[in-house]
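Taking it in order: structure first as structure tokens, then the write-up.
No lab work stands behind these numbers, since they all come straight from the coordinates. Bear in mind that the values here come from a model prediction, so they are computed numbers and not experimental data. Because the Cβ atoms are built from the backbone with ideal geometry, glycine has one as well, and the counts that use them run over all protein chains shown.
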Amino acid sequence: MIPGPTPVPEKVLQALSKHPIGHRSKEFQELVESTTKNLQWLHQTQNDVLTITGSGTAAMEAGIINTLSKGDKVICGENGKFGERWVKVAKEFGLEIIKIDSAWGTPLNPEEFKKVLEEDKQKEIKAVILTHSETSTGVINDLETISSYIREHKKALSIVDCVTSLGACNVPVDEWQLDVVASGSQKGYMIPPGLSFIAMSQKAWDAAEKSNLPKFYLNLKSYRKSLLNNSNPYTPAVNLVFALDESLKMMREEGLEKIFLRHNKHKLAMSNAVKALNLKLFAEEKYLSPSITAIKTGEMDAEEFRKQIKNNFDILLAGGQDHLKGKIFRVGHLGYVNDRDIITVISAISKTLFDLGKITNKEVGEALLVASKYLKQD
């Protein structure tokens, strides 16, 4: 029950175990054609969605180095570990950064983006880089509103980390006119780590013609050219593409609305059960991510608490990062997670708190009751 790698369905594991085929073969080209169409469906876009053998960080770096040039002015949103990472990446490539931040556990304020963008009368800002679902804190940022302000600017690109939001909540790439959207296989896609995906708008491709940052393996023009022939410029992770094909078929069978509803009800069940157990949510309740719930432990050591859950129930929870280590634990409910998994993890947390003398039977019962209420939602 961590935010990635997430549980992998049996069908996907079976697909993963197939004998590899040649990545220049007709059979593999048919596989790429199938996965590309389904990736466009998942992203709700008619534009290119490219597959890279690499993690979500590779896709984000590719988005930055293919559309920007050294010295370009960019806005970076930072309200957690991954927003912090994009600031570091932008600095590494010599970009001029305007940082908009908020305290960990709170969302980025869209009005701050609006103000900075409106003040840019000379249209010097080339991109806005931000994380949609901040995995380190359990906060989801208001991408829809922020992207509307980026569009009003006309010139700036949106470069968005959707690693733990794609496949968990609505990210209509074309409707919101998002330019660069990055995601990773080990999250909502329900397959092992190793693939990343990047959706590119025509505006992003136009910017790519002017980009002068160094790139070779992550040169997206090569991937786009290869995709015309349902191929890849380099040797891809063939078996992960087998797995991707199967997982996307499963997702398509479930349907986008049902996928989003499932993640939302799991978020509500988890967060409300936590409150019933006299624990506090780390993130602001209005901005809880559908992918992960971050929980404060107060005077309890979160790492010791996680250890007890692992030893007694064989359930792995995620810890806090950086200054949050030992202060919070995080429950992932992303990808191939069902109602039984949610009830099981709530029961394990409840039993551990009960054994520690932190709660009584009354709170245990209330937590399961409130979770069951939200899990009944259709």
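Among the listed pairs Lys258/Lys351; Lys265/Lys327; Lys37/Lys267; Lys258/Lys376; Lys267/Lys358, those with a Cα-Cα distance over 20 Å are Lys258/Lys351; Lys265/Lys327; Lys37/Lys267; Lys267/Lys358. Modelling each spin label as a point 7 Å along the Cα-to-Cβ direction, I'd like the Asp339/Ser69 distance in nm, to one decimal. Spacing of the two 7 Å Cα→Cβ label points: 5.7 nm.
Taking the average, over residues, of other Cβ atoms within 10 Å as the packing measure, peptides 176-187, 57-68 rank 176-187, 57-68 from highest down. For the chain, the longest principal axis of the C-alpha atoms and the axis of helix 256-276 are separated by about 40°. Here the simple spin-label model places points 7 Å from the Cα toward Cβ, and for Gln44 and Glu175 these points are separated by 0.3 nm. Charged side chains reduced to their Cβ positions (Lys and Arg at +1, Asp and Glu at -1) give the chain a dipole of some 340 debye around its Cα centre.
Could you tell me which of the pairs Lys88/Lys115; Lys70/Lys114; Lys18/Lys88 are separated by over 31 angstrom between their Cα atoms in the structure shown? With Cα atoms farther than 31 Å apart: Lys18/Lys88.
A simple charge model with +1 on the Cβ of Lys and Arg, -1 on the Cβ of Asp and Glu and nothing else charged puts the dipole of the stretch 256-375 at about 220 debye relative to its Cα centre.
Relative to one another, the C-alpha centroids of the stretch 170-213 and the stretch 347-376 are positioned 40 Å apart.
Only one residue of Gly357, Phe329, Thr293 has its Cα farthest out toward the positive end of the dipole of the stretch 256-375, where Lys and Arg carry +1 and Asp and Glu -1 on Cβ, and that residue is Thr293. Note on the stretch 231-378: the alpha carbon radius of gyration divided by the globular reference 2.2 N^0.38 Å gives 1.19.
Taking every DSSP bridge with both residues inside the chain, close to 55 percent are antiparallel. Our estimate of slack between Ser34 and Gln308, defined as 0.36 nm per intervening residue step minus the Cα-Cα distance, is 94.3 nm. For a test of the definition: using alpha carbon positions, the gyration tensor, and the 1.5 limit on a/c, classify the stretch 97-153 as rounded, prolate or oblate. Note, shape of the stretch 97-153 comes out prolate. The gain in end-to-end length when the Asp206 to Lys280 segment is fully stretched comes to 22.0 nm, 0.36 nm per residue minus the alpha carbon separation. Cα gyration tensor of the chain, axes a ≥ b ≥ c as square roots of the eigenvalues: rounded (a/c below 1.5), prolate (a/b > b/c) or oblate? Note, shape of the chain comes out oblate.
Helix 110-119 versus the longest principal axis of the chain: what angle, 0 to 90°, nearest 10, using Cα atoms? The angle comes out at about 30 degrees. Reducing the stretch 81-128 and the stretch 1-66 to their Cα centroids gives an inter-centroid distance of 29 Å. Rounded to the nearest 10 degrees, the angle from helix 339-355 to the longest Cα principal axis of the chain is 50 degrees.
For Lys115 and Thr360, the difference between the fully extended length at 0.36 nm per residue and the C-alpha to C-alpha distance is 83.2 nm. Under the criterion of Cα pairs below 8 Å and six or more residues apart, the relative contact order for the stretch 256-375 equals 34 percent. What shape does the stretch 15-87 take by its C-alpha gyration tensor, where a ≥ b ≥ c are the square roots of the eigenvalues and a/c under 1.5 counts as rounded, a/b above b/c as prolate, and the rest as oblate? Prolate, since a/c reaches 1.5 and a/b exceeds b/c.
For the chain, the relative contact order works out to 23 percent when only alpha carbon pairs closer than 8 Å and six or more residues apart are counted.
Between Ser148 and His19, the simple label model (points 7 Å from Cα in the Cβ direction) yields a spacing of 5.6 nm.
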